[in-house]
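First comes the structure, then the notes that go with it.
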Amino acid sequence: MSTSMEQLYQQVILDHAKFPHGRGLGAAADAARTGESHQVNPTCGDEVTLQVDVDASGVVRDVRWEGQGCSISQASVSVLHDLVVDHDLASVDDVAETFRALMQSKGAGLGEEAEDKLGDAAAFTGVGRYSARVKCALLGWVALNDALIKAGAARTKEDA
């Protein structure tokens, strides 16, 4: 990855950390199902509490969250918000799997099609080179999955 691209990606992460999208817990919107999850990364102390609202047709209507921790963990939840709100559960599962694959790529990336799907989340490509930071980037995604399960809107591994 070029130095200019790395700088751009770094700026995207810093912007989301400074001006997070979806931050602030609150009451559910008009949703059929709501779930909440609190997750902690014991390695570094990052925390996130995430609430998700899913309507009767299986569309994520809102994601609200509060958290503390490093720029990577907080920016990742902000990007997650932008990627899942107003998308159906199949699309949410797809983007979450793509993000997990990006984190497992050890910084190699996944190609143009995956980067297009991930939007700002592609900025986390370099994070995959640092195994300790992968947990930071995935914290919000783990909370989202757990909140969707608690809302009865996602399949658990036992259901698959």
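The values are calculated or read from the model by the stated rules, or taken from the named source; none is laboratory data. Computed from a predicted structure; not experimentally measured. Ideal geometry is used to build each Cβ from the backbone, glycine not excepted, and the neighbour counts take in all protein chains shown. Only protein heavy atoms, including side chains, enter the accessible area calculation; ligands, DNA and RNA are left aside. Shrake-Rupley method; radii C 1.70, N 1.55, O 1.52, S 1.80 Å.
A few remarks follow.
- Screening ASP86 with (1) open to solvent by 40 Å² or more (accessible area, probe 1.4 Å); (2) within 15 Å of the chain's Cα centre (by Cα); (3) at pLDDT below 95; (4) not hydrophobic (A, V, I, L, M, F, W, C) gives one miss only, at (3).
- Residue among ARG133, ARG100 that alone is charged (D, E, K, R) and open to solvent by less than 70 Å² (accessible area, probe 1.4 Å): ARG100
- Selected residue (criterion: modelled with the lowest pLDDT) from residues of the stretch 16-37 that are open to solvent by 70 Å² or more (accessible area, probe 1.4 Å) and farther than 23 Å from SER91 by Cα: ALA27
- If you go through the stretch 12-57 and keep only what is outside any helix (DSSP H, G or I) and either within 17 Å of VAL134 (Cα to Cα) or basic (Lys, Arg) (or both), you end up with ARG23, ARG33, GLN39, VAL40, ASN41, PRO42, THR43, CYS44, GLY45, ASP46, GLU47, VAL48.
- Residue count for the stretch 104-124, restricted to those that are of a type in the set (A, V, I, L, M, F, W, C) and either surrounded by fewer than 19 Cβ atoms within 10 Å (Cβ to Cβ) or in a loop (DSSP other than H, G, I, E, B) (or both): 3.
- Here ALA101, ALA154 are screened, and the one residue that is at pLDDT below 95 and either in a helix (DSSP H, G or I) or touching a helix residue (DSSP H, G or I) at 6+ places or on another chain (Cβ under 9 Å) (or both) is ALA154.
- Any hit, the stretch 140-152, residues being without any contact (Cβ under 8 Å) to a residue 24 or more places away in the chain and either open to solvent by 10 Å² or more (accessible area, probe 1.4 Å) or β-branched (Val, Ile, Thr) (or both): no
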